[in-house]
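One structure is given below, encoded as structure tokens.
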Amino acid sequence: MSAGNGADLDPGLFERIEVLRGRPCRVEPLPGGLTNRNYKVTTPEGSYVVRHSNPSSANELAVDRRAEYENSVRAAATGVGAPVVDFLPDDGVLVVGFLEGQSLTDEHLQRPGILPRVAAACRRLHAGEPFVNRFDMFELQADYLGRVRRRGFRLPLGYLDHARTVGRIRAALHVRPVAPRPCNNDLLAANFIDDGQTVSIIDYEYSGNNDPYFELGNIWSECHLTLDQLEELVGAYDGVPSRSHVARARLWGLMSQYGWTLWASIQDATSPIEFDFWSWGMEKYERAEATFGDPGLDRLLADVARAD
């Protein structure tokens with residue numbers, strides 16, 4: 001291992017990873033990652049990403065590492081995910097091939113022509129073999145809320161006041177259910193890798209079979225797209241305009257904001273990573289609160305139940 005790089009990695013770990021054992025390695029910390037430490041490890045034979053997670057964070061955030069591994073293998077089989085190289089559950093380590101290309105930012109998603117390519121990547125992933133678990137933001141939000149209240153973690157002012165509206169949203173989404181698909185469920189811009197021809201999707205920590213319009217609504221929320229861009233994204237995904245599917249994605253985007261707010265509360269109280277999780281979560285909550293109080297919400301609830 002190169003001196004001065006990846007200093008917080010156990011050097012003995014490399015002997016337990018078959019593709020790295022006995023090989024000269026150059027280790028470079030990768031930016032980003034609010035739950036894990038990520039490193040690019042380059043050997044004479046190739047480059048890999050070593051993702052090192054804290055077992056306690058997985059427990060606090062209800063992350064299933066075995067499901068993440070299995071789903072990563074299935075995502076790789078579609079051609080949209082990185083090849084999975086090794087998995088050391090006892091060490092909290094997942095090793096995948098390094099994908100050449102540019103990690104996207106919110107600004108990149110403002111460029112003309114990029115959203116149809118993002119939609120195509122989602123379609124490829126969603127057309128793959130079903131994942132080994134399911135993801136439901138309503139269930140995860142309730143789970144997180146229970147953890148936050150039991151542990152006495154911070155809640156934004158008025159957070160609990162929206163329970164009735166959340167129930168109305170859940171009921172409206174169930175009027176015309178959509179078959180679940182294998183979804184990433186955490187598509188902030190940095191989880192897209194663009195090689196100039198195709199867009200790949202990385203990081204399957206929160207993956208599971210889910211309503212595909214949660215995926216699109218979460219992209220809209222996480223990447224700070226406009227409503228016009230959400231319509232473009234949904235239209236590119238569907239191939240035809242759909243008012244009900246745009247409404248569906250918007251409602252799921254709202255629920256992602258509301259649910260991930262609690263993720264931030266848990267991380268704020270428990271994570272060793274130096275990051276302002278509370279401000280990150282409050283930005284989501286403020287956007288969610290604005291939509292909860294918007295008279296236009298009733299129109300979305302009606303649109304999601306209509307047939308195009």
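Overview of values
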| quantity | calculated |
| --- | --- |
| Candidate set from region 36-68 (those that are touching a Phe, Trp or Tyr at 6+ places or on another chain (Cβ under 6 Å) and crowded, with 18+ Cβ neighbours inside 10 Å); member that is farthest from S103 (Cα to Cα) | E68 |
| Evaluation of L140 against (1) surrounded by 20 or more Cβ atoms within 10 Å (Cβ to Cβ); (2) of a type in the set (A, V, I, L, M); (3) assigned by TED's automatic domain parsing to the domain that holds N38 (one fails), failing number | (3) |
| Scan of region 93-129 for residues that are in contact (Cβ under 8 Å) with a residue 24 or more places away in the chain, over 17 Å from the mean Cα position of the chain (by Cα) and assigned to a loop (DSSP other than H, G, I, E, B), ordered by number | F98, L99, E100, G101, A127, G128, E129 |
| Test: A58 is within 19 Å of the chain's Cα centre (by Cα) and on the phi > 0 side of the Ramachandran plot | no |
| Extreme residue, surrounded by the most Cβ atoms within 10 Å (Cβ to Cβ), among residues of region 112-137 that are at pLDDT 95 or above and more than 24 Å from Y69 (Cα to Cα) | L115 |
| Of residues in region 270-286 being at pLDDT 95 or above and small (G, A, S), the one surrounded by the fewest Cβ atoms within 10 Å (Cβ to Cβ) | S279 |
| Restricting region 173-229 to residues that are small (G, A, S) and part of a loop (DSSP other than H, G, I, E, B), the residue that is nearest to F131 (Cα to Cα) | S207 |
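The values are calculated or read from the model by the stated rules, or taken from the named source; none is laboratory data. Computed from a predicted model, the values in this text were never measured in an experiment. Glycine also receives a Cβ, built like all others from the backbone with ideal geometry; neighbour counts cover every protein chain displayed.
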